[in-house]
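Enquirer: Before anything else, here's the structure in question.
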Amino acid sequence: MKYLRPVLLVGSGARTADAPALIIEFARKTQIPVLTTMNAVDLAQDDLHIGFIGTYGNRISNMILEEADLVISVGARLGLRQIGHKQEWFAPKAHLIRADVDQYELSRNVKEDEEKHLMDAADFMRWLLAQDYPCYDEWHAHCIKAKKLLDGVDNTEGNNVMEKISTLLPPNPIVTVDVGQHECWCAQSLTLKGHQGRILIGGGYGSMGCGLPYAIGASIAMGKCFCITGDGGLQMNIQELEVVVREHLPVKILVINNMVLGKISEIQHGSYSDRYAQTTAASGYTVPDFSRIADAYGLRAANLEHYSQLDQYASWFTDDDPCLLNIFIPADTLLIPKIKWETGKIMPALDSNLLAKVKNELQSSIHNS
């Protein structure tokens, strides 16, 4: 069968199998767009970056998946957060090829007619590279044009912070991410320069507070590290600031501070009629002055009332001294877009004219073939 709109969907299993270089080689050889799961966002960065799929995935990634006629899934679990609770909503027009080293993951069907390969991800990528795939540069170009049509459409202050941080990071940085709204903003909008950097993300395994310990371990192993955390997450393991200072680790702590437990309070707002509990100042959650706490530990720190002030601290990103930047954003900053559980629709809905333009761009490969 001739496929017109294939995508390569990669999960963190591809990283475990040491397959990133093979993924980059395949993507450049075939020009097949690469999408990722949230845990694997660093597998397609720089010129390969489009986005990740799923409940809080980039709108363009989920729209590309809706139009794809072939999905090659490598090292991705394809759990509920990625495919939804109704399997027919996942890549509805696509044939699915799955490669996974875990036979139990492959034992459940995502699609009835899917093709399964019980293989190590690196071995599977080598097998793919040996196949005779055509070049899909035209389809790839349509995906990039559609992505540009949506640039900034879903941006909140959380996304804007991540885009600003991206401009200040060095090539191939090591970034650790805590758990919360900022985790999803990072996955959506943090783009690394180069293809050797890492985004060490908690995903389904890390709980709030994992960001700073991740950064300490990463810094000991690999040197300078950038820790993106939230006001709630940092308070879970705030005592580890002493380790950073004592060992003089080059850890740059970037606190995305909205003064609330954002991910939980957002659910209490949207699903429980603003019945907040231990998530806001009025309901039992408060935030200290992190810059004063950092000073008590002997750690260089500053409060930023707006992310645009990051430019004033550009040198803090490049030197080898630990630091903490406490970046305030509004408490009501929402995490969007989101796939609505009940309907499978991406919310908030797009303007109808823009939606038509994006869909037309993604479907152009059909009309031009």
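The values are calculated or read from the model by the stated rules, or taken from the named source; none is laboratory data. As the structure is a prediction and not an experimental result, all values here were calculated from the model. Ideal geometry is used to build each Cβ from the backbone, glycine not excepted, and the neighbour counts take in all protein chains shown.
Enquirer: In the stretch 157-168, how many are surrounded by fewer than 20 Cβ atoms within 10 Å (Cβ to Cβ) and either without any contact (Cβ under 8 Å) to a residue 24 or more places away in the chain or of a type outside the set (S, T, Y) (or both)?
Expert: Total satisfying the criteria: 6.
Enquirer: Name the residues in the stretch 112-138 that are farther than 23 Å from A19 by Cα and modelled with pLDDT under 95, would you?
Expert: Result: E112, D113.
Enquirer: Let me ask you something else. Would you confirm whether or not the stretch 91-101 contains a residue that is under 14 Å from the mean Cα position of the chain (by Cα), at negative phi and in the same structural domain as Q363 (by TED's automatic domain parsing)?
Expert: Checked against the condition, which is being under 14 Å from the mean Cα position of the chain (by Cα), at negative phi and in the same structural domain as Q363 (by TED's automatic domain parsing), the stretch 91-101 yields no hits at all.
Enquirer: Given the structure, is I32 among the hydrophobic types (A, V, I, L, M, F, W, C) and without any contact (Cβ under 8 Å) to a residue 60 or more places away in the chain?
Expert: no
Enquirer: Please state which one of L4, L35 is outside any helix (DSSP H, G or I) and crowded, with 22+ Cβ neighbours inside 10 Å.
Expert: L35
Enquirer: Now a separate question. Could you list, ordered by first residue, the pairs with Cβ atoms under 8 Å in which the first is in the stretch 264-285 and more than 19 Å from G230 (Cα to Cα) and the second is at pLDDT 90 or above and part of a helix (DSSP H, G or I), at least 6 apart or interchain?
Expert: That search, which allows pairs on different chains as well, returns D274/Q268; R275/Q268.
Enquirer: Of all residues in the stretch 87-100, which are out of contact with any helix residue (DSSP H, G or I) (no Cβ under 6 Å at 6 or more places or on another chain) and surrounded by 18 or more Cβ atoms within 10 Å (Cβ to Cβ)?
Expert: Listed by number, the residues that qualify are A94, L96, I97, R98.
Enquirer: To continue, here is another question. If I filter the stretch 178-221 down to residues being in contact with an Asp or Glu (Cβ under 9 Å, 6 or more places away or on another chain) and β-branched (V, I, T), which single residue comes out as surrounded by the fewest Cβ atoms within 10 Å (Cβ to Cβ)?
Expert: Here the residue is I220.
Enquirer: Consider the stretch 145-156. How many of its residues are touching a residue at least 60 places away in the same chain (Cβ under 8 Å) and in a helix (DSSP H, G or I)?
Expert: So the count comes out to 4.
Enquirer: Tell me which strands (runs of 3 or more DSSP E) are completely within the stretch 180-295 and hold 1 or more residues being at pLDDT below 95, or say none if there are none.
Expert: By residue number, 198-201.
Enquirer: Every residue in the stretch 320-368 that is over 17 Å from D151 (Cβ atoms), surrounded by 19 or more Cβ atoms within 10 Å (Cβ to Cβ) and among the aliphatic types (A, V, I, L, M), please.
Expert: Passing the criteria: L324, L325, I327, I329, L335, I339.
Enquirer: As an exercise: evaluate E88 against (1) in a helix (DSSP H, G or I); (2) over 20 Å from A14 (Cα atoms); (3) at pLDDT 95 or above and give the number of the one condition it does not meet.
Expert: (3)
Residue-by-condition table, conditions (1) surrounded by fewer than 23 Cβ atoms within 10 Å (Cβ to Cβ); (2) closer than 15 Å to Q196 by Cα; (3) of a type in the set (V, I, T); (4) out of contact with any helix residue (DSSP H, G or I) (no Cβ under 8 Å at 6 or more places or on another chain):
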{"site": "R15", "(1), (2), (3), (4)": "yes, yes, no, no"}
{"site": "D47", "(1), (2), (3), (4)": "yes, yes, no, yes"}
{"site": "N58", "(1), (2), (3), (4)": "no, no, no, no"}
{"site": "V71", "(1), (2), (3), (4)": "no, no, yes, no"}
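Enquirer: Moving to a separate point now. Looking at A349, A331, A314, can you tell me which residue is of a type in the set (G, A, S) and more than 22 Å from the chain's Cα centre (by Cα)?
Expert: Going through A349, A331, A314 in turn, just one is of a type in the set (G, A, S) and more than 22 Å from the chain's Cα centre (by Cα): A314.
Enquirer: Given the residues F290, F317, which is the only one that is surrounded by 20 or more Cβ atoms within 10 Å (Cβ to Cβ) and among the aromatic types (F, W, Y)?
Expert: Selected residue: F290, the only one of F290, F317 that is surrounded by 20 or more Cβ atoms within 10 Å (Cβ to Cβ) and among the aromatic types (F, W, Y).
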